[in-house]
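Trainee: Here it is, the structure in full.
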Amino acid sequence: MIGKIIGIRIIDTPCSDEAATIRIGTESITLGTINSHSENRKGMAYLVVDCSGSMDGYKMSQVKKGILEFAQDAIKKEYSVGLIKFNTSPTHLCEPKCDIGDLRASLDKMDANGSTNMAAAIAMGHEHLGDVNHKRVIVVATDGRQDMAF
């Protein structure tokens, strides 16, 4: 994608088991159908954020803003939201919650350095989502490609 990231937000979250659409900057991503439900919440979302060196400066400030907006929308739509950052290795920052305070504090501490180990971060998100009976979503915010594993 060329241009600046404007933000990340949920465009459509269905009440049934239909696909959900998420907008990242000027592109939309449709998530596949998920056939599970939560008793108290619609589901859980992990936000997996690239904090590699290439995200320094403007990109980092924009991704923090977009992630915060996304999380606020997701919480309003009855999702609990957790946070994982990644660069050379992933770091679990915040368990899925329905309160934006911890997420905001974790975002404030994020800085950019290192490489882009995206695969390990996605694996961590998958592990933390577990095998529970509700919708589970992983949203990745990045500007590039993951490291090549050789």
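Trainee: Taking H as built 1.01 Å from N, whose amide H comes closer than 5 Å to the amide H of LYS97, not counting residues under 5 places away?
Mentor: VAL81, GLY82
Trainee: Tell me, what HN-Hα J-couplings in whole Hz come from the Karplus equation 6.51 cos²θ - 1.76 cosθ + 1.60 at θ = phi - 60° for each residue of the stretch 109-124, using x for Gly and Pro?
Mentor: 8, 6, 9, 9, 5, x, 9, 10, 8, 5, 4, 5, 5, 5, 4, 5
Trainee: Continuing with this model, one more query. Pairs LYS42/LYS109; LYS59/LYS135; LYS42/LYS65: which exceed 26 Å Cα-Cα?
Mentor: Checking Cα-Cα distances, LYS42/LYS109; LYS59/LYS135 exceed 26 Å.
Bear in mind these aren't lab numbers, they're just calculated from the coordinates by the rules spelled out. This one's a predicted model, so the numbers in the text were calculated from it and none came from an experiment.
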